[in-house]
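Following: one structure in structure tokens, then a few remarks.
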Amino acid sequence: QVQLVESGGGLVQAGGSLRLSCEASGSIFSINAMGWYRQAPGKQRELVARITSGASGVGTSYADSVKGRFTISRENAKNAVYLQMNSLKPEDTAVYYCNAVITTAYIGNYWGQGTQVTVSS
């Protein structure tokens, strides 16, 4: 059983910052990739940022809408992923979900419960 627990959402004014955290727990052999998705009301869930690690090193990718404002990072010792969000805009308002591809006895795709981020104008 694997669980992803998120924290750090909240209400912030436009131009402000928030830091989201997500920790994975359970019978984890390895974590192949971790990322953050978001879903605004009436819209589809979209990828915000993703971080992978492997033999070739660490790789990151971002949605065009957040490039230069958001930074994703990992702390392997804690099986954790973070999303530092700066220069927040009202259009960043959404429920943010942590995602991880984790190897236990098999490779599975796991989701956190979501954390609300609201940016006021």
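For region 1-86, what is the largest minus smallest coordinate of the Cα atoms on each principal axis, given in angstrom and ordered from greatest to least?
39, 28, 24
Report S17's accessible area, 1.4 Å probe, all protein chains in place, as a number in Å² to the nearest 10.
60
Which residue, K67, K78, K43, tops the fluctuation ranking in a GNM of the chain built on C-alpha contacts under 10 Å?
Result: K43 has the largest fluctuation of those listed.
On full extension of the chain, what length is gained from K43 through I107, given 0.36 nm per residue of separation minus the C-alpha to C-alpha distance?
20.2 nm
So, with +1 on the Cβ of K and R and -1 on the Cβ of D and E, and no other charges, what is the size of the charge dipole of the chain about its Cα centre, to the nearest 20 debye?
Details: 10 positive and 7 negative charges, 25 e Å.
Its charge dipole is roughly 120 debye.
Antiparallel versus total DSSP beta bridges in region 2-121: what percent is that, nearest 5?
Numbers: 47 of 51 bridges.
Counting DSSP beta bridges with both partners in region 2-121, the antiparallel share is about 90 percent.
The values are calculated or read from the model by the stated rules, or taken from the named source; none is laboratory data. Please read these numbers as outputs of a predicted model, since none were measured by experiment. All Cβ positions, glycine included, derive from the backbone under ideal geometry; neighbour counts span all protein chains shown. The area values use the complete protein model at the heavy-atom level, side chains included, leaving out ligands, DNA and RNA. Shrake-Rupley method; radii C 1.70, N 1.55, O 1.52, S 1.80 Å.
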